[in-house]
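Please read the structure below before turning to the comments.
The values are calculated or read from the model by the stated rules, or taken from the named source; none is laboratory data. Here the structure is a predicted model, which is why all the values come from computation and not from measurement. Counting neighbours? That spans all protein chains shown, and the Cβs are built from the backbone with ideal geometry, glycine included. When the accessible area is computed, the model is the full protein with side chains, heavy atoms only, and any ligands, DNA or RNA have been set aside. Shrake-Rupley method; radii C 1.70, N 1.55, O 1.52, S 1.80 Å.
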Amino acid sequence: MTRKILLGDEAVALGAVHAGITAAYAYPGTPSTEILEYLQLHHERHGAPIASWCSNEKTAYEAALGTCFAGRRALVAMKHVGLNVAADAFINSALVETHGGLVLAVADDPGMHSSQNEQDSRWYADFARVPCLEPSTQQEAYEMTREAFEVSERFGVPVMVRLVTRLSHSRTTVEVREQRAQNPIARAKNRNAWVLLPANARVQYRGLLARQKNIAAWSDASPWNTLTLNPHRTDLGIITTGIARNYLRENLDDLGWAPSHLHIGAYPAPPHLLRGLVAHVQRVLVLEDGQPFVERQLRGLFPPSVQVMGRMSGEVPETGELSPDIVRLALKLRLRPTVIPDGLPLPNRPPQLCQGCPHAHAFHALQEALAGEKDSMVTSDIGCYTLGALDPLKAIESCVCMGASIGMARGAAEAGVHPVVAVIGDSTFAHSGLTALADAATADANMTLLILDNDTVGMTGAQDTVLPQSRLADVIVALGVAPEQCVVVDPHPRKVKANAEVLKAAIAHKGLSVVIARRECKVAAKRRQRAAALAAAAGEGVAS
Ligand code: SF4
């Protein structure tokens with residue numbers, strides 16, 4: 001056994017490597033990005049496993065499913081809203097009897113540090129009727145990921161490992177074990193299981209339902225679920241899930257006694273253990289990071305004599321991340337005094353585009369092009385450029401989900417608004433904009449698409465995009481945009497006026513037009529230059 005200092009995300013990645021994965025696929029998204037970044041580093045050093053960014057979470061999930069179809073183990077990683085994109089593949093893959101382990105690591109973002117909502121992925125695992133493991137520490141993240149592959153192969157279903165931001169992005173020592181060998185290639189024994197024609201799908205779904213009893217028994221017996229009853233007190237029982245257990249432990253000394261406690265790390269929520277707790281106490285306080293997933297299951301399940309407390313009843317706030325202080329208040333403890341070091345509070349620093357970011361210069365050109373237009377509408381998307389909604393730019397008016405800018409612009413144009421401009425980054429365009437542009441091209445929607453092409457996924461740390469700059473214009477034309485209506489500009493500060501004229505001409509065109517503002521992200525450029533300098537220095541070292 002050796003020790004490593006790992007982020008929660010990295011513990012998942014290494015757990016997957018040591019479980020013998022052949023491949024890992026992902027789309028970057030905070031707080032899950034570091035999972036694949038760690039695996040790419042591992043690949044560079046050891047030559048395996050395959051670790052690849054994909055166009056979006058659905059294509060990533062499908063690639064992992066294909067690895068598993070070949071009998072080998074695969075990890076797929078994404079953030080919670082990414083699972084909305086992959087949901088079609090994920091829900092259906094629960095029916096196909098996976099024979100190579102398939103693990104979905106999904107990182108939720110309660111408190112919305114870097115997301116547009118705080119949905120809880122445990123609902124998805126429940127919806128798909130598949131097991132879910134929820135670590136409370138980095139060590140558990142490592143162990144649970146290893147085990148998740150065993151569970152996947154045992155029950156023939158994908159298994160979810162659910163993380164939250166605080167665990168994904170905090171670092172501690174993890175004891176790691178030896179690496180298991182990869183599975184050999186093996187075809188599915190039951191070929192019909194993978195052909196979800198209605199006649200087969202009905203059989204497969206019945207099979208999935210039949211396995212639920214065994215999955216529930218696995219959860220009841222899992223060492224990740226622990227029930228400790230206090231034989232002397234029956235007034236309060238506590239249920240924790242994931243990292244909520246850490247917050248409870250932090251406050252127990254001040255509480256002065258130990259309530260009966262059920263900790264849930266493996267789902268479905270263990271039915272016998274739940275009944276065992278509830279039969280012993282009069283009130284149950286549920287502490288879970290995210291939405292009231294367990295709390296909701298408890299309500300209505302037990303007699304009214306048992307009071308269930310949590311986010312739904314107000315003991316815990318309905319939204320936002322859990323914290324030791326929130327748990328403290330739920331336990332009716334007084335808050336500890338806050339210490340403010342000298343010099344604080346610091347001034348507020350709202351997020352901004354980097355100094356010299358090409359997006360800012362593209363926005364300046366767009367604003368100049370739209371100056372004097374009273375009824376213009378600018379839809380936008382998810383990326384660094386979403387910051388264009390804030391002061392001082394205030395250049396965009398929407399950000400809903402990946403790729404929505406184009407479909408929304410088409411709809412607004414067809415509703416009679418003019419001019420309408422959709423603003424999207426190159427990576428988001430490859431993720432979810434392609435199909436919307438095909439729709440807009442078919443309809444020849446009277447709108448302009450402005451693609452901010454910085455040749456990277458800037459917002460999540462400058463990962464590679466799947467659609468390189470050299471192919472972008474070709475793809476746009478292939479989707480049905482007239483070649484003369486697809487122009488490229490350089491969003492340089494000295495070219496704002498000229499670019500505004502190009503945008504004005506595009507907006508004046510009756511029908512669909514596309515302007516690509518192409519300039520490399522500052523951060524990616526610096527990183528590339530640093531890597532080139534290091535490579536050159538290493539080359540000189542070898543030569544000398
Ligand atoms: S990371 Fe790149 S794209 Fe994002 S704000 Fe900075 S320079 Fe602009």
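Quick notes
- Hits in segment 172-197 (condition: in a helix (DSSP H, G or I) and open to solvent by 80 Å² or more (accessible area, probe 1.4 Å)): Arg191, Asn192
- Being out of contact with any His (no Cβ under 6 Å at 6 or more places or on another chain), within 16 Å of the ligand (Cβ to nearest atom), at negative phi and modelled with pLDDT under 95 is true of Asp391.
- Residue in segment 458-472 that is at pLDDT 95 or above and of a type in the set (D, E, K, R) present: no
- Residue that is nearest to Gln463 (Cα to Cα) [pool: residues in segment 371-388 that are away from the ligand (no atom under 16 Å from the Cβ) and buried (at least 20 other Cβ atoms within 10 Å of the Cβ)]: Thr379
- When segment 447-470 is filtered for residues that are crowded, with 22+ Cβ neighbours inside 10 Å and away from the ligand (no atom under 11 Å from the Cβ), the ones remaining, listed by number, are Met447, Thr448, Leu449, Leu450, Ile451, Thr465.
- Residue in segment 302-320 that is part of a loop (DSSP other than H, G, I, E, B), open to solvent by 90 Å² or more (accessible area, probe 1.4 Å) and within 16 Å of the ligand (Cβ to nearest atom) present: no
- In segment 86-119, residue nearest to the chain's Cα centre (by Cα) [restricted to those that are more than 19 Å from Ser168 (Cβ to Cβ) and not in a loop (DSSP other than H, G, I, E, B)]: Ala87
- Thr226 being under 29 Å from the mean Cα position of the chain (by Cα), surrounded by fewer than 17 Cβ atoms within 10 Å (Cβ to Cβ) and of a type in the set (Ser, Thr, Tyr): yes
- Only a single item in (1) open to solvent by less than 60 Å² (accessible area, probe 1.4 Å); (2) within 16 Å of the ligand (Cβ to nearest atom) is not met by Val502, and it is number (2).
- With respect to the conditions (1) of a type outside the set (Asp, Glu); (2) assigned to a loop (DSSP other than H, G, I, E, B); (3) in contact (Cβ under 8 Å) with a residue 24 or more places away in the chain, Ile326 falls short on a single one, namely (2).
- Residue pairs meeting the criteria (Cβ under 7 Å; at least 6 apart or on separate chains; first within 15 Å of the ligand (Cβ to nearest atom), in segment 348-369; second outside any loop (DSSP other than H, G, I, E, B) and open to solvent by 80 Å² or more (accessible area, probe 1.4 Å)): Cys354/Lys522; Gly356/Lys522; Cys357/Lys522
- Figure legend. Inter-residue proximity from segment 446-463: first residues among the aromatic types (Phe, Trp, Tyr), second residues open to solvent by 20 Å² or more (accessible area, probe 1.4 Å) and not in a loop (DSSP other than H, G, I, E, B), beta-carbon distance below 7 Å, spacing 6+ or different chains. No pairs are indicated.
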